[in-house]
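Participant: Take this structure, written in structure tokens, and hold onto it; I'll ask about it next.
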Amino acid sequence: MNEISALQKVRASYQPKLPAVLLNGINNVSASEGAPTEAVRDKESIKELFKNLYGMPVVTFEAGSTKSSAVRNVGVILSGGQAPGGHNVIAGLFDGLKNANPENKLYGFLGGPSGIIDGKYIELTSDIIDAYRNTGGFDIIGSGRTKLETPEQFQKSLDVCKSLNVSAIVIIGGDDSNTNAALLAEWMKDRNTGIQVIGCPKTIDGDLKNEQIEISFGFDTATKTYAELIGNIQRDANSAKKYWHFIKLMGRSATHVGLECALRTRPNIALISEEVEANNWSLKYITDYMTDIIVKRANAGKNFGVALIPEGLIEFIPEIKAMIANLNDILAKADGFDNWAIEEKMSYVSTNLEKANAEVFNSLPSIIKSQLLMDRDPHGNVQVSRIETEKLLIEMIEQKLKGLKAEGTYKGKFSSQAHFFGYEGRCAAPSNFDADYCYSLGYNAVALIENGLTGYLSSVRNLSKPASEWIAGGVPLTMMMNMEKRHGEMKPVIQKALVKLDGPVFKELKDNREKWALEECYLFPGAIQYFGPSEVCDITTRTLYLEQNSKLVTK
């Protein structure tokens, strides 16, 4: 690495905390098994696809008798988009392996899953690891979005592992990456290769979670980073008093990021995609709802405000969701579509969409239509993050306000600013929580390996408590799966966790949004704090606090 900042120098010496059971040492940990598990949905289909892994129990680690550990080599892969704390997962993995047996080796496959297929790797030594402790980013070995899903890829991965004498692979990724981890684990076990596969839950979107996975790593740091930026914008808006700021936030399939940021900053408007879908809000309804707040504030002399918009909103609006689903299906059959001229694309789509969907498509501004037709994502779907939903809403609100002004019912001024916060949070230096949690996930993955497990996701829970009270263990990947349509075919996929509209987190927003809409209740969280009192530096997300305390109240 190049020269480092003063903060990074000091952070390098920070020793992340571990659950008490792991402090006993990897060789003093044993796995306690729970009851057999089932998939969350489509049980028979998942069982058929994962004959060797289906039904495994959740495991919890307990102190056990001291046992010796054979020398082993382990490979690690960073998969998908970056998330704060990835380097600490690898550091925890490295330290756990050395704790089990100082002769153990850790190989990092370069550039994501393609590294294990193509045999591109480095041995991760203490000198390398120490330079990346408690830092953001995935640059220690790089990441990638190659999908591990075909027998040919699995065979190449096996050949590479044999050449390095690797007996276990740890895949650090989100729902799709860990689905691939399950497929690889099943293939390896079915052929008695002796190679274990363990996953670690990563995504700043916060949609990889359940009872055993309380939060995915990176969510804490990313939302704190975004909340700082939103707070800064709110301070500016309240100072200048002349702009409406429309802020799009990461979160395609769920609005956990937007909801957490809303609770931390209290904006005037916070749209929640799951609420839009559940209530069948049309694009017109959303426009009217936002315009009504803008008009009421203008009538009170407040021609400014802040609105949070989830990245995936457009897919949750019923008429647009149906149109996009239809669009994905027809484009899956259009060979070479991405290489066509824009005029050809427009003509093909207008001709082949179902009538109602074609009407929705043609009603959208040209720039939005063009964005809908850009290159597909790895699953063959519309790349929602490229659709400037915030600008679509601004344009529709402007048209609505022009009509109201003509009627004489609106006399305010509307000037807008559009923002998209995404990359700003993905590689931030991890918060103390993420530094501790990620290190624990990596260390815990070694315990799963040493206990002979495969097809598991590293699980550390009870996270609203001090780290000494965290519970370490593992959850079977098949337990989290259902079947979804990808590239026009039904595939096994880890089910995404959406915002629960009957849960305590959304309830806090719902109970306060009317007041926040019209008054300046803004909070200004400021930058992430690494040094100081625990109530400032180790505070967890509002989401985790509300979810965990709600469980305590209802039990």
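The values are calculated or read from the model by the stated rules, or taken from the named source; none is laboratory data. Computed from a predicted model, the values in this text were never measured in an experiment. Please note: Cβ atoms are built from the backbone with ideal geometry, for glycine as well, and neighbour counts cover all protein chains shown.
Participant: Could you give every pair whose Cβ atoms fall below 7 Å, whose first residue belongs to the range 385-410 and is farther than 16 Å from residue 298 by Cα and in the same structural domain as residue 247 (by TED's automatic domain parsing), and whose second residue is assigned to a helix (DSSP H, G or I) and not aliphatic (A, V, I, L, M), counting only separations of at least 6 or pairs across chains?
Facilitator: 386/371; 387/371; 388/371; 393/287; 396/287
Participant: Same structure again: Taking the range 415-441 as the region of interest, how many residues are in a helix (DSSP H, G or I) and either of a type in the set (Phe, Trp, Tyr) or under 30 Å from residue 187 (Cβ atoms) (or both)? Lay out the reasoning, then the answer.
Facilitator: Our first condition is that a residue be in a helix (DSSP H, G or I); within the range 415-441, this holds for 423-426, 432-441.
Pick out the ones that are also either of a type in the set (Phe, Trp, Tyr) or under 30 Å from residue 187 (Cβ atoms) (or both) and you get 423, 433, 437-441.
Count: 7.
Every residue, every condition in (1) over 16 Å from the mean Cα position of the chain (by Cα); (2) surrounded by fewer than 18 Cβ atoms within 10 Å (Cβ to Cβ); (3) within 30 Å of residue 31 (Cβ to Cβ), yes or no:
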site: 414; (1), (2), (3): yes, no, no
site: 438; (1), (2), (3): no, no, yes
site: 446; (1), (2), (3): yes, no, yes
site: 454; (1), (2), (3): yes, no, yes
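Participant: Working carefully through the options 77, 140, find the one that is among the β-branched types (Val, Ile, Thr), within 22 Å of residue 460 (Cβ to Cβ) and buried (at least 24 other Cβ atoms within 10 Å of the Cβ). Can you show your working first?
Facilitator: Working: 140 fails: buried (at least 24 other Cβ atoms within 10 Å of the Cβ).
It is 77.
Participant: Taking the range 136-189, which residues are over 19 Å from residue 455 (Cα atoms) and acidic (Asp, Glu)?
Facilitator: 139, 152, 159
Participant: Considering only residues that are in a helix (DSSP H, G or I) and basic (Lys, Arg), look in the range 1-19 and name the one that is nearest to the chain's Cα centre (by Cα).
Facilitator: Step by step, filter the range 1-19, then rank; the result is 11.
Participant: Within the set of pairs 6+ apart or on separate chains, which have a first residue in the range 279-299 that is farther than 16 Å from residue 399 by Cβ, a second that is among the hydrophobic types (A, V, I, L, M, F, W, C), and C-beta atoms under 7 Å apart?
Facilitator: 281/317; 293/269; 293/517; 296/518; 297/518
Participant: Let me ask another. Determine whether residue 53 is assigned to a loop (DSSP other than H, G, I, E, B) and closer than 20 Å to residue 462 by Cβ. Please lay out each step first, then the result.
Facilitator: On the way: assigned to a loop (DSSP other than H, G, I, E, B): yes; closer than 20 Å to residue 462 by Cβ: no.
No.
Participant: Any idea which of 221, 225 is buried (at least 24 other Cβ atoms within 10 Å of the Cβ), touching a Ser or Thr at 6+ places or on another chain (Cβ under 7 Å) and of a type in the set (Ser, Thr, Tyr)? Before you say what the answer is, go through the steps one by one.
Facilitator: Working: 225 fails: touching a Ser or Thr at 6+ places or on another chain (Cβ under 7 Å).
The unique qualifying residue is 221.
Participant: Quick check on my filter: what residues within the range 337-369 are over 19 Å from residue 386 (Cα atoms), among the aliphatic types (A, V, I, L, M) and part of a loop (DSSP other than H, G, I, E, B)?
Facilitator: 353
Participant: So residue 334 passes all but one of these: (1) in a loop (DSSP other than H, G, I, E, B); (2) crowded, with 16+ Cβ neighbours inside 10 Å; (3) not polar (S, T, N, Q). Which condition number does it fail?
Facilitator: Just one mismatch for residue 334, condition (2).
Participant: Okay, moving on. Just to check your reading of the model, which residue among 269, 247 is surrounded by fewer than 24 Cβ atoms within 10 Å (Cβ to Cβ) and within 11 Å of residue 307 (Cα to Cα)? Outline the logic, then answer.
Facilitator: Details: 247 fails: surrounded by fewer than 24 Cβ atoms within 10 Å (Cβ to Cβ).
Answer to the selection: 269.
Participant: Residue 185: touching a Gly at 6+ places or on another chain (Cβ under 6 Å) and either more than 26 Å from residue 272 (Cα to Cα) or of a type in the set (S, T, N, Q) (or both), yes or no? Lay out the reasoning, then the answer.
Facilitator: Working: touching a Gly at 6+ places or on another chain (Cβ under 6 Å): yes; either more than 26 Å from residue 272 (Cα to Cα) or of a type in the set (S, T, N, Q) (or both): yes.
So residue 185 fits the description; yes.
Participant: Please state which of the following conditions residue 22 fails to meet, knowing it meets all the rest: (1) under 22 Å from residue 133 (Cβ atoms); (2) in a loop (DSSP other than H, G, I, E, B); (3) at pLDDT 95 or above.
Facilitator: (2)
Participant: In addition: Checking the condition within 26 Å of the chain's Cα centre (by Cα), at negative phi and modelled with pLDDT of 95 or more, which residue from 93, 97, 164, 158 passes?
Facilitator: Only one candidate qualifies: 93.
Participant: Taking the condition closer than 19 Å to residue 165 by Cβ and either in the same structural domain as residue 254 (by TED's automatic domain parsing) or buried (at least 24 other Cβ atoms within 10 Å of the Cβ) (or both), does residue 208 pass?
Facilitator: On the way: closer than 19 Å to residue 165 by Cβ: no; either in the same structural domain as residue 254 (by TED's automatic domain parsing) or buried (at least 24 other Cβ atoms within 10 Å of the Cβ) (or both): yes.
Considered against the rule, which asks whether it is closer than 19 Å to residue 165 by Cβ and either in the same structural domain as residue 254 (by TED's automatic domain parsing) or buried (at least 24 other Cβ atoms within 10 Å of the Cβ) (or both), residue 208 comes out as no.
A quick yes/no check of all residues on (1) touching a strand residue (DSSP E or B) at 6+ places or on another chain (Cβ under 7 Å); (2) among the acidic types (Asp, Glu); (3) assigned to a helix (DSSP H, G or I):
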{"site": "247", "(1), (2), (3)": "yes, no, no"}
{"site": "252", "(1), (2), (3)": "no, no, no"}
{"site": "275", "(1), (2), (3)": "no, yes, yes"}
{"site": "291", "(1), (2), (3)": "no, no, yes"}
{"site": "297", "(1), (2), (3)": "yes, no, yes"}
{"site": "301", "(1), (2), (3)": "no, no, no"}
{"site": "315", "(1), (2), (3)": "no, yes, yes"}
{"site": "325", "(1), (2), (3)": "no, no, yes"}
{"site": "328", "(1), (2), (3)": "no, no, yes"}
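Participant: Using the structure shown, decide if residue 373 is within 25 Å of the chain's Cα centre (by Cα), aliphatic (A, V, I, L, M) and closer than 16 Å to residue 326 by Cα. Full working, then the answer.
Facilitator: On the way: within 25 Å of the chain's Cα centre (by Cα): yes; aliphatic (A, V, I, L, M): yes; closer than 16 Å to residue 326 by Cα: yes.
Spelling it out, residue 373 is indeed within 25 Å of the chain's Cα centre (by Cα), aliphatic (A, V, I, L, M) and closer than 16 Å to residue 326 by Cα.
Participant: Against the definition (of a type outside the set (Gly, Ala, Ser), within 18 Å of residue 446 (Cβ to Cβ) and surrounded by fewer than 22 Cβ atoms within 10 Å (Cβ to Cβ)), how does residue 37 come out, yes or no? Let's see the steps before the verdict.
Facilitator: Values: of a type outside the set (Gly, Ala, Ser): yes; within 18 Å of residue 446 (Cβ to Cβ): no; surrounded by fewer than 22 Cβ atoms within 10 Å (Cβ to Cβ): yes.
No.
Participant: A further question on this structure: Only one residue in 484, 469 is at pLDDT 95 or above and of a type in the set (D, E, K, R). Which one?
Facilitator: Values: 484 fails: at pLDDT 95 or above.
Every option except 469 fails the conditions.
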